[in-house]
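**Q** Here it is, the structure, as structure tokens.
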Amino acid sequence: MDLRRRPPANATAPAKRPTTTPTTTTTTPSPPSPKASDALPLPLYLTNAIFFTLFFSVAYYLLHRWRDKIRTSTPLHLLTFSEISAIVSLIASFIYLLGFFGIDFVQSFIARNSNDAWEEDDEQQQVEQRRRTTQILPPPPPSQQQPENLIPSISSADDEEIVCAVVDGRTPSYSLESRLGDCSRAAAIRRDALQRVTGRSLKGLPLEGFDYESILGQCCEMPVGYVQIPVGVAGPLLLDGVQYVVPMATTEGCLVASTNRGCKAISASGGASSVVLRDGMSRAPVVRFGSAKRAAELKFFLEDPLNFDTLSVVFNRSSRFARLQGVQCAMAGKNVYLRFTCSTGDAMGMNMVSKGVQNVLDFLQNDFPDMDVIGISGNYCSDKKPAAVNWIEGRGKSVVCEAVIKEEVVTKVLKTNVAALVELNMLKNLAGSAVAGALGGYNAHASNIVSAIFLATGQDPAQNVESSHCITMMEVVNEGRDLHISVTMPSIEVGTVGGGTQLASQSACLNLLGVKGASKESPGSNSRLLATIVAGSVLAGELSLMSAIAAGQLVRSHMKYNRSNRDVSNCTS
């Protein structure tokens with residue numbers, strides 16, 4: 001068999017270059033790459049099979065023979081005719097295999113490089129052709145050069161003209177910021193247009209003095225002004241050995257003063273202490289299957305501890321702070337509610353956990369292609385609604401805060417006695433709330449303090465609903481002399497980055513508390529500290545209000561401090 005390679009006749013012939021003209025481009029296809037099997041007299045698969053079989057069979061034969069010689073102490077250089085033939089066959093088959101695959105690799109490499117060079121030359125010629133054509137053809141009209149998604153600017157128009165266009169509907173009100181490029185001017189024009197359309201004045205609603213650029217695309221859409229909410233401070237609150245001055249944004253009289261009195265009583269008794277029990281935000285999508293049996297298979301898969309590591313890797317890709325903590329499933333027929341809980345660093349974390357959940361849902365589609373995702377949120381989270389799942393399992397930060405109030409402080413500062421406070425708490429906060437069928441409402445007015453701090457520090461006001469879940473406990477300690485008071489709040493949803501926390505006013509309030517922004521040393525510590533401050537402030541507010549009710553001071557204090565004789569009717573006319 002002749003094993004020498006003879007290249008094809010066209011292997012050494014130079015390839016013709018493609019030619020181009022100023023108006024047309026003709027590309028000559030590249031010549032086929034010569035293959036190493038072109039000179040073989042037998043089919044390729046048959047030749048390869050023969051030499052592969054020959055190589056491995058003689059190699060096995062020689063190894064077997066050499067093992068026998070070693071066992072019998074026969075010199076290895078003494079060869080029989082069959083062994084010599086086997087060695088020659090081994091060398092020949094090795095040369096064939098090496099030459100076949102080696103030449104084929106080299107030739108394919110050369111052909112690929114030559115094709116790449118031809119394609120590069122063709123691209124250069126095409127670019128040159130387009131350049132010459134562009135020089136000949138006239139430029140397109142301006143209307144064709146403008147992208148379709150570009151909103152035309154109206155910044156050069158007069159304000160009155162733009163207001164009329166908004167009133168007539170020719171210019172959408174929501175597009176003013178993008179078309180004007182000036183958020184303050186857009187708010188003023190929108191405000192004028194709104195007053196003309198409704199026929200009602202917005203006098204008294206401030207417009208100037210606010211940075212509308214800071215809320216663009218993140219806090220509020222279509223602004224026409226801003227609402228003034230006074231911010232008071234209560235404190236200092238002595239919590240875990242550190243004093244805090246707590247900002248509270250509210251329009252309710254006596255609230256800040258009452259909380260301040262509670263802070264005074266706590267500080268005079270040695271301060272309060274707090275513990276963060278849990279820290280995890282939740283999101284619960286709802287998915288549907290064709291049968292309840294199939295839905296149960298997904299439930300068992302997600303709750304199997306062996307699958308948790310895989311789910312964690314998929315979930316945690318959403319953020320460097322997101323860390324999946326657990327998955328809790330509930331079924332309703334063939335529908336499954338998947339409650340994912342994860343840590344979110346110093347962010348409140350709703351967007352973070354939602355992205356992680358979406359990653360897991362996409363991953364589950366591979367093993368459960370019949371899973372129909374109905375919604376990213378199925379209310380099993382449960383967000384901005386009172387729900388037993390948050391009261392029991394917790395959501396956000398779960399905090400307990402306690403203090404022991406001395407008897408003389410109860411008498412002198414709070415103007416009541418320990419026995420009266422314990423009895424009132426049992427009948428009002430515990431029994432009274434049970435009679436009312438309360439859900440997480442076993443307290444006097446926790447939402448008052450939570451809402452005020454939320455508004456001051458840029459939290460989501462709607463999450464006051466579940467964040468105000470609180471049970472207030474009071475007991476007699478130290479042989480009946482002192483009062484032990486505690487508040488347990490399982491779902492405080494706060495963050496120190498993102499959302500309204502980055503606005504100037506709210507950022508200043510966070511800075512007052514020492515929790516502004518994200519903690520670089522310990523991610524999540526700022527938001528946890530803010531949650532403990534909220535709980536400590538609620539503790540102060542509960543203590544003061546319950547004392548006022550026990551002493552019969554509630555109505556008198558509100559009549560004195562929470563009533564206004566000022567006539568403000570003409571401000572809205």
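The values are calculated or read from the model by the stated rules, or taken from the named source; none is laboratory data. These numbers come from a predicted model, not from an experiment. Reconstructed Cβ throughout: ideal geometry from the backbone, glycine too, with neighbour counts over all protein chains shown. With ligands, DNA and RNA removed, areas are computed over all heavy atoms of the protein, side chains included. Shrake-Rupley method; radii C 1.70, N 1.55, O 1.52, S 1.80 Å.
**Q** Need the failing condition index for ALA518 against (1) open to solvent by less than 10 Å² (accessible area, probe 1.4 Å); (2) modelled with pLDDT under 95; (3) of a type in the set (A, V, I, L, M), just the number.
**A** The one condition ALA518 does not meet is (1).
**Q** Since ASP383 meets every condition but one in (1) in contact with a Lys or Arg (Cβ under 7 Å, 6 or more places away or on another chain); (2) under 29 Å from ALA249 (Cβ atoms), which condition does it not meet?
**A** Result: ASP383 passes all but (1).
**Q** Let me spell it out: the conditions are (1) over 30 Å from VAL534 (Cβ atoms); (2) assigned to a loop (DSSP other than H, G, I, E, B); (3) polar (S, T, N, Q), and SER184 meets all of them except one. Which number is the exception?
**A** (2)
**Q** Continuing with this model, one more query. Out of curiosity, is GLU407 at negative phi, in contact with an Asp or Glu (Cβ under 7 Å, 6 or more places away or on another chain), open to solvent by 40 Å² or more (accessible area, probe 1.4 Å) and charged (D, E, K, R)?
**A** The answer is yes for GLU407.
**Q** Sticking with this structure for a sec: Mind listing whichever residues of the range 285-309 are without any contact (Cβ under 8 Å) to a residue 24 or more places away in the chain and not charged (D, E, K, R)?
**A** Result: PHE300, PRO305, LEU306, ASN307, PHE308.
**Q** Quick one: LEU529 ticks every box in (1) under 20 Å from ALA234 (Cα atoms); (2) touching a residue at least 24 places away in the same chain (Cβ under 8 Å); (3) open to solvent by 40 Å² or more (accessible area, probe 1.4 Å) bar one, so which box is it?
**A** Here LEU529 meets the rest and fails (2).
**Q** Additional query: Across the range 53-80, which residue is modelled with the lowest pLDDT among those that are open to solvent by 60 Å² or more (accessible area, probe 1.4 Å) and of a type in the set (D, E, K, R)?
**A** Among them, the one singled out is ARG71.
**Q** Of all residues in the range 317-368, how many are more than 30 Å from GLY517 (Cα to Cα) and basic (Lys, Arg)?
**A** 1
The rows are residues; the columns are (1) in contact with a helix residue (DSSP H, G or I) (Cβ under 9 Å, 6 or more places away or on another chain); (2) among the β-branched types (Val, Ile, Thr); (3) part of a loop (DSSP other than H, G, I, E, B); (4) under 30 Å from LEU302 (Cβ atoms).
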| position | (1), (2), (3), (4) |
| --- | --- |
| ASP362 | yes, no, no, yes |
| ILE374 | no, yes, no, yes |
| ILE392 | no, yes, no, yes |
| LYS397 | yes, no, no, yes |
| VAL410 | yes, yes, no, no |
| THR416 | yes, yes, yes, no |
| ASN425 | yes, no, no, no |
| LYS428 | yes, no, no, no |
| ILE449 | yes, yes, no, no |
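Residue-wise test of (1) open to solvent by 40 Å² or more (accessible area, probe 1.4 Å); (2) on the phi > 0 side of the Ramachandran plot; (3) under 22 Å from the mean Cα position of the chain (by Cα).
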residue	(1), (2), (3)
PHE300	yes, no, no
LEU311	no, no, yes
PHE315	no, no, yes
ARG323	yes, no, yes
GLN358	yes, no, yes
